[in-house]
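The values are calculated or read from the model by the stated rules, or taken from the named source; none is laboratory data. Small disclaimer: the values here were computed from a predicted structure and weren't measured. Positions of Cβ are generated from backbone atoms using ideal geometry, with glycine treated the same way; all protein chains shown enter the neighbour counts. Note: accessible area is taken over every heavy atom of the protein model, side chains too, but ligands, DNA and RNA are not part of it. Shrake-Rupley method; radii C 1.70, N 1.55, O 1.52, S 1.80 Å.
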Amino acid sequence: MSGQRLSLQGRQLRMARASTVVLVGERLGEGGQGVVHEASMGSVPCVVKWYRSNPPADLRLAIARLAERERPHPAFIWPIDLVVSDEMPGFGYVMPRLEPGFGSFAQLLARPEQPPFRVIITIGRQLVSAFEALHASGLCYRDINFGNLLVDPARSRVAIIDNDNVGLDSGEVFVWGTLRFMAPEVVRREAPPSSLTDLHSLAVFLFYLFMHGHPLEGMTTDASYSWAPSGHQSESRLALRHFGQEPVFVFDSRYHSNRPRPGDPMLTWWPIYPRFFRALFEQAFTAGLHPGLGRVAEGLWRRGLLRLADCVSECACTASVFYDPDDAGLRCWNCGQIPPRPPLLQLPGCTVALSPGAAITSHHLSRDRDHDTVIAVVEDHPARPGARVLRNVGKRAWTMSPAGETAKTVDSGRRLGVRPMVIDFGSAQGRILGETTDPPRAERGV
């Protein structure tokens with residue numbers, strides 16, 4: 001098939017359903033199954049994946065059925081149609097072309113400096129929402145890994161490619177996954193990939209995203225790799241042991257033998273996050289290592305990530321930190337001190353730290369999962385260093401009632417100084433607690 005791969009550029013392919021002509025352009029890359037080319041349908045840019053060998057007929061049927069389904073979430077680069085050639089055997093499929101700016105997650109994690117916390121959290125939330133939508137449609141992905149998930153950190157966007165892996169839980173399995181992301185029961189070959197095993201793979205990916213390491217690779221894992229004739233074991237045998245038969249979470253509270261190596265980035269990142277967020281990973285990689293017992297569902301990740309975004313604050317040393325009312329003793333990763341308590345906006349179901357860059361969205365006020373419609377933003381005060389203002393960027397006026405002052409209207413585009421007050425946003429009422437106010441325990445909604 002090598003000659004076919006080289007000669008695909010310049011050929012005309014035909015879409016199976018629509019009969020539209022697709023002109024193949026330059027090769028973009030290749031993987032284990034096939035080769036990917038840029039292409040065009042008339043004036044519309046697209047991408048073609050062509051299988052380098054004749055794959056099973058069931059795979060062709062599976063992709064054709066996927067192309068007939070509605071894309072479950074905007075993050076998926078979904079198949080549009082099968083493509084075939086009148087000049088050579090085989091087939092491929094056509095999909096939309098990604099906009100410029102997307103790169104691999106491996107490149108993101110290799111950066112000397114991580115993007116801001118809010119960017120990383122948004123990326124995590126988009127991934128969770130995408131897989132939640134996929135699973136809700138009755139499908140599973142089967143092969144979550146670094147190569148299939150792309151990110152544009154400048155716009156906090158994700159793209160999920162290679163969707164020919166997608167299928168029904170009970171459908172034919174063509175791809176079993178990528179080893180370090182596989183659920184233990186898949187590694188042991190006791191169960192095929194499914195939406196349930198996707199939850200383990202998603203948790204591994206999120207752990208990489210926030211903790212910069214693998215949740216099951218620590219000192220015990222490292223010690224088992226030996227090239228001495230007496231101690232050498234095959235990589236497949238070690239993988240079966242560490243990821244399938246005897247997996248141990250690197251931060252397991254009961255078993256400390258597999259802690260991260262001294263100097264491992266995971267040791268730096270783990271204590272930065274509030275207890276409630278770390279607890280999700282503890283569940284995912286202790287009880288959740290057993291199928292059906294404790295896998296963290298997408299809804300739990302979504303709520304945890306939303307709460308984490310509301311906790312982003314700033315230390316007196318200017319480092320970006322997290323402030324959680326339920327974990328107020330969390331120390332700054334930079335200076336080691338307990339950061340000053342930020343002013344807090346209490347809303348029905350959540351509490352938001354009013355640090356510069358924070359945003360109040362439609363979801364904060366209405367719990368409608370609309371995280372893109374921004375109602376208010378927190379900015380630095382233009383004349384008072386260290387002070388903050390809340391700007392109304394929505395369409396409706398607010399009514400503010402500061403402590404000891406008369407009520408005032410805050411029209412769209414206007415701003416108010418952050419201080420203790422009650423704000424009627426129209427769809428909900430909130431209360432700003434000053435930096436010295438001791439807030440009650442916050443409720444958590446969906």
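Could you pull out every Cys in the chain that lacks a partner Cys with its beta carbon under 4.7 Å away?
Isolated Cys, the chain: CYS46, CYS140, CYS311, CYS350.
With θ taken as phi - 60° and the coefficients 6.51, -1.76 and 1.60, list the Karplus ³J(HN,Hα) couplings across segment 19-30 in order, rounded to whole Hz; mark glycine and proline as x.
Working through the residues one at a time gives 6, 6, 7, 10, 8, 8, x, 5, 6, 9, x, 8 Hz.
Carbon-plus-sulfur fraction of the accessible area of the chain, 1.4 Å probe, in percent? List each step's numbers first, then the result.
Working: 10310 of 20330 Å².
Accessible surface attributable to carbon and sulfur in the chain totals 51 percent.
Taking the chain as a Gaussian network, Cα atoms linked when under 10 Å apart, which of ALA159, ALA64, ALA319 shows the biggest mean-square fluctuation?
ALA319
Quick one: ranking LYS408, LYS49 by accessible area, 1.4 Å probe, largest first, what do you get? Before the final figure, lay out the partial values.
Numbers: LYS408 90, LYS49 10 Å².
Descending order: LYS408, LYS49.
How long are the semi-axes of the ellipsoid equivalent to segment 214-366, from square roots of 5 times the Cα gyration tensor eigenvalues, in whole Å, largest first? All intermediate terms of the calculation are to be shown ahead of the outcome.
Working: eigenvalues 274, 77, 23 Å².
That gives 37, 20, 11 Å for the three semi-axes.
In whole Å, what is the distance between the alpha-carbon centres of segment 313-367 and segment 78-143?
31
Return the long-range amide H neighbours of PHE91 (sequence gap of 5 or more, or a different chain), with a cut-off of under 5 Å between placed amide H atoms.
Those lying under 5 Å, H to H, from PHE91 are TYR51.
³J(HN,Hα) across segment 319-332 via Karplus (A = 6.51, B = -1.76, C = 1.60, θ = phi - 60°), whole Hz, x for Gly/Pro?
5, 6, 9, 10, 10, 10, x, 8, 9, 5, x, 5, 8, 5
Among VAL377, LEU300, VAL321, which residue has its Cα positioned farthest towards the positive end of the charge dipole of segment 286-399, with +1 placed on the Cβ of Lys and Arg, -1 on the Cβ of Asp and Glu, and the dipole taken about the Cα centre?
Sorting the options by dipole projection puts first VAL377.
Once phi is turned into θ = phi - 60°, what whole-Hz ³J(HN,Hα) does the Karplus curve with 6.51, -1.76 and 1.60 give for every residue of segment 397-409, x standing for Gly and Pro?
6, 10, 10, 10, 10, x, 4, x, 10, 6, 5, 9, 9
Which residue, VAL173, ASN54, ALA64, has the largest displacement toward the positive end of the dipole of segment 40-190 when charges sit on each Cβ (Lys, Arg +1; Asp, Glu -1)?
VAL173
Using +1 on the beta carbon of Lys and Arg, -1 on that of Asp and Glu, and nothing else charged, what's the dipole of segment 211-331 about the Cα centre, debye to 20?
Details: 12 positive and 13 negative charges, 40 e Å.
It works out to roughly 200 debye.
Might you tell me the accessible area per residue for segment 152-210, computed with a 1.4 Å probe and given in Å²? Before the final figure, lay out the partial values.
Numbers: 1990 Å² over 59 residues.
Per residue, segment 152-210 has an accessible area of 34 Å².
Could you work out how much longer the chain between VAL393 and LEU109 gets when fully extended? Use 0.36 nm per residue separation minus the Cα distance between them, nm to one decimal. Present the calculation step by step, with values, prior to reporting the outcome.
On the way: separation 284, 0.36 × 284 = 102.24 nm, distance 3.31 nm.
Net length gain for the segment: 98.9 nm.
Once the convex hull of the alpha carbons of segment 272-348 is built, what does its volume come to per residue, in cubic angstrom?
Looking at segment 272-348, the number lands at 99 Å³ per residue.
How large is the accessible surface of SER156 in square angstrom, using a 1.4 angstrom probe and rounding to the nearest 10?
20
Calculate, in nm to one decimal, what CYS317 and SER224 gain on full extension: separation in residues at 0.36 nm each, minus their alpha carbon distance. Please report the intermediate quantities before stating the final value.
On the way: separation 93, 0.36 × 93 = 33.48 nm, distance 4.19 nm.
Gain in length upon complete extension: 29.3 nm.
Between SER412 and GLU172, take the C-beta separation as r, use R0 = 56 Å, and let me know the FRET efficiency to the nearest 0.05. Walk me through the numbers before you get to the answer.
Numbers: r = 54 Å, r/R0 = 0.97.
Step by step, r from the Cβ atoms, then E = 0.55.
Any idea what the dipole of the chain comes to, in debye rounded to 20, about its Cα centre with Lys/Arg Cβ at +1 and Asp/Glu Cβ at -1? Let's see the in-between values first.
Values: 48 positive and 45 negative charges, 126 e Å.
Magnitude of the dipole: close to 600 debye.
For the chain, rounded, prolate or oblate, judged on the Cα gyration tensor with a ≥ b ≥ c (square roots of eigenvalues), a/c < 1.5 rounded, else prolate if a/b > b/c?
oblate
Give the accessible surface of segment 249-294 per residue, rounded to a whole number of Å², with probe radius 1.4 Å and ligands, DNA and RNA excluded.
Here the residues of segment 249-294 average 48 Å² of exposed surface.
Determine the gain in length on full extension of the stretch SER137-GLN12; use 0.36 nm per residue of separation and subtract their C-alpha separation, reporting nm with one decimal. Each step should come with its number before you reach the end.
Working: separation 125, 0.36 × 125 = 45.00 nm, distance 3.37 nm.
Once the chain is fully extended between SER137 and GLN12, it gains 41.6 nm.
So if we plug the beta-carbon distance of ARG27 and ALA328 into 1/(1 + (r/R0)^6) with R0 = 60 Å, what FRET efficiency do we get, rounded to 0.05?
Details: r = 55 Å, r/R0 = 0.91.
Taking R0 as 60 Å, the efficiency between ARG27 and ALA328 is 0.65.
Considering amide H positions built from the backbone, and no H for Pro or chain starts, which residues 5 or more places from ARG261, or on another chain, come under 5 Å of its amide H?
So ARG261 has HN proximity to MET219.
So who's got an amide H within less than 5 Å of the one on GLU30, skipping anything under 5 residues away but keeping other chains? H placed 1.01 Å off N, in plane.
VAL36
Over its Cα atoms, what ratio of radius of gyration to 2.2 N^0.38 Å does segment 48-140 give? Mind showing how you got there, number by number?
Numbers: Rg = 16.9 Å, N = 93, 2.2 N^0.38 = 12.3 Å.
For segment 48-140, the normalised Cα radius of gyration is 1.37.
So what is the accessible area of segment 313-446 per residue, in Å², with the probe set to 1.4 Å? Don't skip to the end; give the middle numbers.
Working: 6730 Å² over 134 residues.
That works out to 50 Å² for each residue.
If one takes the longest principal axis of the Cα atoms in the chain, at what angle in degrees, from 0 to 90 and to the nearest 10, does the Cα axis of helix 195-211 lie?
The answer is roughly 60 degrees.
Run the dipole for segment 103-261 about the Cα centre, Lys and Arg Cβ at +1, Asp and Glu Cβ at -1, nothing else charged, and hand back the magnitude in debye, nearest 20.
Working: 14 positive and 16 negative charges, 101 e Å.
Here the size comes out at about 480 debye.
Compute the relative contact order of the chain as a whole-number percentage, counting only Cα pairs closer than 8 Å that sit 6 or more residues apart in sequence. Don't jump to the answer; show the numbers that get you there.
On the way: 854 pairs, mean separation 38.2, N = 446.
Relative contact order comes out at 9 percent.
Enter the accessible area of TYR323 (Å², nearest 10), with the probe set to 1.4 Å and all protein chains included.
20
Using the beta-carbon distance between ARG384 and ARG97 and R0 = 35 Å, what value does 1/(1 + (r/R0)^6) give for FRET efficiency, to the nearest 0.05?
After rounding to 0.05, the efficiency reads 0.15.
Using only Cα atoms, find the angle between the long axis of helix 275-284 and the longest principal axis of the chain, and express it within 0 to 90 degrees, rounded to the nearest 10.
20
Can you show me the helix-derived [θ] at 222 nm for the chain, built from DSSP H runs with n ≥ 4 at -39,500 (n - 2.57) apiece and divided by the number of residues, rounded to the nearest 500. Provide the component values of the computation, followed by the final result.
Working: 12 runs with 107 residues, N = 446.
That comes out to -6500 deg cm²/dmol.
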